[in-house]
Amino acid sequence: MTAAAETVTATDKAGWMFEGFGAGQSRVKTLPRVTPDIAQKHATVFACAQIIAGDLSKVPMLVVEETRRGTTVPVKEHDLDFLLNVESSPGISSNAMRMMTIYSFALRGNGHAYAPRRGSGDVELIEYVDPDQCQLMKKGRARFYDFIDAADVQRRVPARSMAHLRYLAADGWTGRSPLTFAAESMGIALAGQEAAARTVSGTHVRGYVKMADDFDDEETRLRGIAKIRNTLNNPDGLGWPVLGPDDEVHKLDLSAADQELLASRKFDREQIAAIYRMPPSKLQMLEYGVKANGQQQAIDYRTDCLSHWGALVQGGFEMGLLTEGERARRLRLVHDYDALMQATTKERYDAKSKAIGGPFMTVNEGRVGEGLEPLEGGDILYPPPNMTRKEGENKTSPDSDDDSDEGADE
């Protein structure tokens, strides 16, 4: 692709949008600048992004077709089924590709996956592209991506060859990290973490040494200072410096303000979890209590968090991986969230005992779901308990047994 194109930058946006979408710098200039690379050093930010990416990448992504009745039917033997769930490119598992793309999307607001097509229009492979190395360009309404692929080839490809996940893209194309919108709150969180790191590492003033001023020259004084410092920092010195008769060592403990600063970091966790819509229990914040059971927690997590991020991931992959004709046929890519909703053995058996052999599931369908071999004669759907059927019939209705002596129970 050699068409001249202009680079899309944040300065193309309106003023209010540039403040929110752009710099990620608080109005208080002394606070740290908030960037995705810096923010991911905060454990809560990393946990939120990797939990979302990990859970969405470990569940199958299915190719389905919507029917006129609003139901979905799985599309079998589609190329994307293999590329999204088994091997995305030579030697790269699909889970690894999806996790890196979604992690980048959750952290930076942009996730890129290169998807070249064969002559038939089918996707040949899907490989993750570092968003820092990918430049979005435009020419009119057309969009192009300039990047270096895994084979170290410089490429410029149209939008149909790139799956682009984007968050809060006002123009439909340029995503922004959710962290930069709450720049001041994140700046306070990062400043608190840096202060805590300095406190733990000892790079702040842990104490001081009072030395007698009886040195002959400056060089002697510096050697004395270096000797005491080396003694205090020497792990084999057991913390016992050798001092002169007029020298003193004073230790400075943490002040109440410093201890309060460390305690306030709990509030930072709550704010970051709210940015990502992450339930506190997923971040091991158990002081808020837990739901009645794990299944209810999984339902809340899917409803409040995963459905929000998963819908954006599905939409981005659909636009980049499905052809225009497939989208017109109402083909879609959906996450199979049932893989996260694992019931207990008792709950699973109770539900299947009510479904198998009566309302809608045959015996063999239930056995296959449990990983068991089907049985001969197990494909018959039994009638309701108050109905009978003739031998050899798979379906019954109230009028199907008019000639029989047995009818509906009165």
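The values are calculated or read from the model by the stated rules, or taken from the named source; none is laboratory data. The model shown is predicted, which means the values in this text are computed figures rather than measured ones. So basically every Cβ, Gly included, is an ideal-geometry build from the backbone, and we count neighbours across all protein chains shown. To get the accessible areas, we keep the full protein, side chains included, count just its heavy atoms, and leave off ligands, DNA and RNA. Shrake-Rupley method; radii C 1.70, N 1.55, O 1.52, S 1.80 Å.
Between T71 and E370, the modelled label-to-label distance comes to 2.5 nm, taking each label 7 Å out from Cα in the direction of the beta carbon.
Taken as Cα centroids, segment 142-185 and segment 300-344 sit 19 Å apart, rounded to the nearest whole angstrom. In this simple spin-label model, placing a label point 7 Å from the Cα along the Cα-to-Cβ direction at both D146 and S281 gives a separation of 4.9 nm.
The residues of segment 112-198 have, on average, 45 Å² of accessible surface per residue, using a 1.4 Å probe with all protein chains present. Couplings 3J(HN,Hα) for segment 312-328, derived from phi with the Karplus relation 6.51 cos²θ - 1.76 cosθ + 1.60 (θ = phi - 60°), are 5, 5, 4, x, x, 5, 4, 5, x, 10, 8, 6, 4, x, 5, 5, 5 Hz, where x marks Gly and Pro.
Please identify every one of the trypsin sites (Lys or Arg not before Pro) in segment 123-179 that sits in a loop by DSSP and has no more than 16 other beta carbons within 10 Å of its own beta carbon. Write out the running numbers ahead of the final one.
Working: sites: K138, K139, R141, R143, R155, R156, R160, R166, R176; in loops: R141, R176.
Here the sparse-neighbourhood loop sites are R141.
Is segment 151-195 rounded, prolate or oblate when judged by the Cα gyration tensor, a ≥ b ≥ c being the square roots of its eigenvalues, rounded requiring a/c under 1.5 and prolate requiring a/b larger than b/c? Judged from the Cα gyration tensor, segment 151-195 comes out oblate (a/c at least 1.5, b/c at or above a/b). Rolling a 1.4 Å probe over the protein chains gives K352 an accessible area of about 50 Å².
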